[in-house]
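Here the structure is laid out as structure tokens; the discussion comes afterwards.
The values are calculated or read from the model by the stated rules, or taken from the named source; none is laboratory data. Just so you know, these numbers come straight off a predicted model, no measurement behind them. Cβ sites come from the backbone with ideal geometry, for glycine too, and all protein chains shown count toward neighbours. Ligands, DNA and RNA are stripped out before the accessible areas are found, and what is left, the full protein with its side chains, is counted by its heavy atoms. Shrake-Rupley method; radii C 1.70, N 1.55, O 1.52, S 1.80 Å.
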Amino acid sequence: MSERDGNLRVLIVDDHPVVRAGLTGMLAAEPDLDVVAEAADGAEAVRLALELAPDVVLMDLRMAGVDGVEATARLAAAAPAVKVLILTTYDTDADIVRAVEAGATGYLLKDTPRADLAEAVRLAARGETVLAPAVAAKLVNHMRTPAAQPLTPREREVLALVARGLANAEIGRELFISEATVKTHLVRVFGKLGVDDRTAAVTKAMAQGLL
């Protein structure tokens with residue numbers, strides 16, 4: 001809490017000046033919230049948060065250099081009393097899970113109404129978890145979904161050759177296995193990655209860092 005007037009102190013982090021100005025204006029209209037500083041990237045956010053000790057950091061997710069997840073993790077380690085509330089346009093499962101695992105207290109989308117955003121800041125300051133409805137649903141679904149089975153070394157070899165554009169027969173000759181065995185490996189790869197074709201398998205594997 002601010003020693004001056006008891007207001008909650010907020011640090012706004014976003015790489016777009018117009019967005020920062022808009023958020024500052026929105027929160028400044030709330031009598032119990034004070035925006036103490038703005039930061040344009042994650043590194044600056046960590047520095048200012050350690051210097052100013054705000055109650056809540058309103059953190060953008062994707063920024064050049066140190067992104068919101070990395071900045072959140074650094075603050076969780078160095079200043080656990082500072083609560084981080086992610087505010088972003090991105091609501092993919094991977095983004096949400098990374099942010100929560102890094103230590104974010106909440107995760108909101110930028111279409112959140114002003115009143116809801118202000119209330120979320122208050123709740124986050126109290127240590128309460130704040131999630132946009134769509135985000136909460138995705139997080140619950142992610143937790144309910146069994147972890148994907150890892151690819152075996154041979155399956156990764158087959159998929160790497162698929163990525164090079166080789167047909168099943170060519171892959172078989174390259175790995176000294178039958179074409180039928182190649183097809184079996186691919187069926188298992190498709191099942192593990194949750195895809196239906198070779199292109200989708202390669203694309204998803206690359207996105208997950210498997211290739």
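Looking at region 1-97, the trypsin sites (Lys or Arg not before Pro) that sit in a DSSP loop and have at most 10 other Cβ atoms within 10 Å of their own Cβ are Arg4. Taking the protein heavy atoms of region 5-85 in the context of the full set of protein chains, the accessible area attributed to carbon and sulfur is 58 percent at 1.4 Å.
Could you work out the helix-only [θ] at 222 nm for the chain, with each DSSP H run of four or more residues adding -39,500 (n - 2.57) and the total divided by the number of residues, to the nearest 500 deg cm²/dmol? Write out the running numbers ahead of the final one.
Numbers: 10 runs with 112 residues, N = 211.
Calculated at 222 nm, the ellipticity per residue is -16000 deg cm²/dmol.
Solvent exposure of region 14-59, expressed per residue, is 43 Å² of accessible area, with all protein chains present and a 1.4 angstrom probe. Considering only Leu211, Ala134, Asn168, and ranking their Cα positions along the charge dipole of the chain that arises from unit charges at the beta-carbon of Lys, Arg, Asp and Glu, the one farthest toward the positive end is Asn168. Within the accessible area of region 122-194, the carbon and sulfur atoms contribute 56%, probe 1.4 Å, all protein chains present. Mean-square fluctuations from a GNM of the chain, with a 10 angstrom spring cutoff on Cα atoms, peak among Gly106, Gly22, Gly172 at Gly172.
In loop segments of region 179-211 as defined by DSSP, there are no trypsin sites (Lys or Arg not before Pro) with at most 15 further C-beta atoms inside 10 Å of their C-beta. A protection proxy built from the mean count of other Cβ atoms within 10 Å ranks the segments 119-127, 37-45, most packed first, as 37-45, 119-127. Dipole magnitude for region 77-211: about 160 debye, using +1 per Lys or Arg Cβ and -1 per Asp or Glu Cβ, origin at the Cα centre.
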